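A quick write-up on the structure given underneath.
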Amino acid sequence: MRFLLDTEQRAFAGSLDAMLTAADTPSVVRAWGRGEHGPGRALWSRLAKAGVFALAAPETYDGVGPLPVELAVAFVELGRHAVPGPLVETVTAAVLLAGLEDPGPAERLLPALVSGEAMATVAPGPGSYALDGDAATTRLSLDPDTGGLRLSPGHGPVRPSLDPARRPTPLSPGGELLATHPPALAHALVWARLAVAAQALGLGLALLDRTVAYVGQRTQFGVPIGSFQAVKHRLADAKVALEFARPLVFGAAVTLDPADVAAAKVTACEAAYATARTALQLHGAIGYTAEYDLSLWLTKATALRTVWGSPGECRGTVLAAAARRSAALNADDRRR
């Protein structure tokens with residue numbers, strides 16, 4: 001089965017690509033990593049005006065969604081340009097709030113997330129860290145022991161991260177209790193993994209494009225290194241892995257099945273990580289330097305492998321779903 005974007009979805013992707021190209025995102029990423037949020041907030045507002053954060057929110061709360069395929073389209077472009085900030089977390093918060101039985105918190109918090117006036121982050125549980133808690137204005141904390149969803153009153157100090165533009169912070173304990181055992185928790189995790197998968201796909205595509213351009217310019221023995229067979233093989237492997245991940249990502253956006261989304265996440269993140277390793281090897285020593293823009297994509301590709309579900313956890317979700325399907329088929333056979 002082929003998953004092809006329609007004309008409007010391709011136009012949406014093109015408009016985001018043009019906007020982010022003009023925004024000079026590497027400088028925005030570096031400023032964000034230093035804790036200077038001004039350029040990132042300005043870009044955030046432009047993304048909101050383009051409708052990115054409205055895609056996960058229903059019309060009741062000023063959104064246009066839920067539109068998971070369009071969200072995947074947007075996050076591919078966000079990953080391609082390494083846009084910083086709690087992007088996935090804001091989408092996750094939107095799904096959580098929209099799914100609460102009491103509409104009060106959503107009515108109070110969701111319109112600001114959709115409009116870009118606010119950004120959200122989510123801490124999965126006690127002792128875990130929330131991404132960019134110092135920049136987020138809506139900080140949600142999940143307590144798996146009590147099943148409570150709370151609005152945290154503050155955050156702790158920023159902790160060091162492999163990716164300087166990802167700034168984890170502990171959230172302050174306590175705060176307003178929004179819900180107990182929110183029914184949308186599992187659904188929000190599916191949306192979070194879908195957004196990460198699309199973001200990783202975009203990162204991998206950007207790394208591949210940058211590496212192809214670089215090996216066409218760098219020379220050894222008087223010829224571009226891109227003409228060497230071994231280099232071609234490495235790039236071809238990266239291309240195949242990313243193109244294999246692409247239909248899984250958009251297919252998962254169509255079904256929103258937890259197993260499909262988990263498979264898409266692990267495939268896209270592993271493809272992006274493998275492409276990052278290839279990009280680093282083919283760039284040589286310059287790829288290690290923080291001053292070179294490639295590093296902004298390399299560190300993010302590594303970090304995304306484990307957020308909102310490690311490769312092992314995602315594979316476990318896929319295997320559990322396969323086991324359930326197999327058991328159901330065996331039961332049907334016995335009844336026949």
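Could you list all residues from region 125-167 that are polar (S, T, N, Q), over 19 Å from Tyr61 (Cα atoms) and surrounded by fewer than 21 Cβ atoms within 10 Å (Cβ to Cβ)?
Pass one, region 125-167, residues polar (S, T, N, Q): 128, 137-138, 141, 146, 152, 161.
Then drop every residue that is not over 19 Å from Tyr61 (Cα atoms), which leaves 128, 141, 146, 152, 161.
Passing the criteria: Ser128, Thr146, Ser161.
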So Phe53, is it of a type in the set (Phe, Trp, Tyr) and assigned to a loop (DSSP other than H, G, I, E, B) = yes
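Looking at this structure, is Glu36 out of contact with any strand residue (DSSP E or B) (no Cβ under 6 Å at 6 or more places or on another chain) and part of a helix (DSSP H, G or I)?
Details: out of contact with any strand residue (DSSP E or B) (no Cβ under 6 Å at 6 or more places or on another chain): yes; part of a helix (DSSP H, G or I): no.
Answer is no for this residue.
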ask   = Restricting to strands (runs of 3 or more DSSP E) lying wholly in region 70-186: which have 1 or more residues that are closer than 30 Å to Ala268 by Cβ?
value = 120-123, 138-143, 148-151
key: Answer from Leu282, Leu329, Leu319, Leu248 - the residue that is under 30 Å from Arg10 (Cα atoms) and of a type in the set (A, V, I, L, M)   = Leu248
note = Of the conditions (1) part of a helix (DSSP H, G or I); (2) within 24 Å of Gly85 (Cβ to Cβ); (3) of a type in the set (Asp, Glu), the single one that Glu243 does not satisfy is (2)
ask   = Considering region 303-332 alone, what residues qualify as being of a type outside the set (A, V, I, L, M, F, W, C) and surrounded by 16 or more Cβ atoms within 10 Å (Cβ to Cβ)?
value = Arg305, Gly309, Pro311, Thr317
key: Which listed residue is crowded, with 22+ Cβ neighbours inside 10 Å, in contact with an Asp or Glu (Cβ under 7 Å, 6 or more places away or on another chain) and outside the structural domain of Ala252 (by TED's automatic domain parsing), from Pro68, Pro86, Pro26   = Pro86
request  = Restrict the check to region 3-10 and report whether at least one residue is touching a Phe, Trp or Tyr at 6+ places or on another chain (Cβ under 6 Å), aromatic (Phe, Trp, Tyr) and in a loop (DSSP other than H, G, I, E, B).
outcome  = yes
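Answer yes or no as to whether Ala192 is within 22 Å of the chain's Cα centre (by Cα), buried (at least 23 other Cβ atoms within 10 Å of the Cβ) and more than 19 Å from Lys300 (Cα to Cα).
Working: within 22 Å of the chain's Cα centre (by Cα): yes; buried (at least 23 other Cβ atoms within 10 Å of the Cβ): yes; more than 19 Å from Lys300 (Cα to Cα): no.
Taking the combined requirement at face value, the residue does not satisfy it.
Kindly provide the set of residues from region 220-231 that are free of Cβ contacts under 8 Å to residues at least 24 places away in the same chain and touching a helix residue (DSSP H, G or I) at 6+ places or on another chain (Cβ under 7 Å), ordered by number.
So in region 220-231, the residues free of Cβ contacts under 8 Å to residues at least 24 places away in the same chain come out as 220-224, 226-230.
Pro224, Gly226 - these are the residues of region 220-231 that are free of Cβ contacts under 8 Å to residues at least 24 places away in the same chain and touching a helix residue (DSSP H, G or I) at 6+ places or on another chain (Cβ under 7 Å).
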note = Of the candidates Val122, Val91, the one satisfying the condition of being touching a Phe, Trp or Tyr at 6+ places or on another chain (Cβ under 9 Å), crowded, with 24+ Cβ neighbours inside 10 Å and over 30 Å from Thr211 (Cα atoms) is Val91
ask   = Pick from Leu16, Leu43: which is in contact with a helix residue (DSSP H, G or I) (Cβ under 7 Å, 6 or more places away or on another chain), assigned to a helix (DSSP H, G or I) and within 23 Å of Asp134 (Cβ to Cβ)?
value = Leu43
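A quick yes/no check of all residues on (1) in contact (Cβ under 8 Å) with a residue 40 or more places away in the chain; (2) out of contact with any helix residue (DSSP H, G or I) (no Cβ under 8 Å at 6 or more places or on another chain); (3) in the same structural domain as Glu70 (by TED's automatic domain parsing):
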{"site": "Pro247", "(1), (2), (3)": "yes, yes, no"}
{"site": "Gly251", "(1), (2), (3)": "yes, no, no"}
{"site": "Val254", "(1), (2), (3)": "yes, no, no"}
{"site": "Ala272", "(1), (2), (3)": "yes, no, no"}
{"site": "Arg277", "(1), (2), (3)": "no, yes, no"}
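The values are calculated or read from the model by the stated rules, or taken from the named source; none is laboratory data. Just so it is clear, the structure is predicted and the values come from calculations on it, not from any experiment. Cβ: placed from backbone, ideal geometry, glycine included. Neighbour counts: every protein chain shown.
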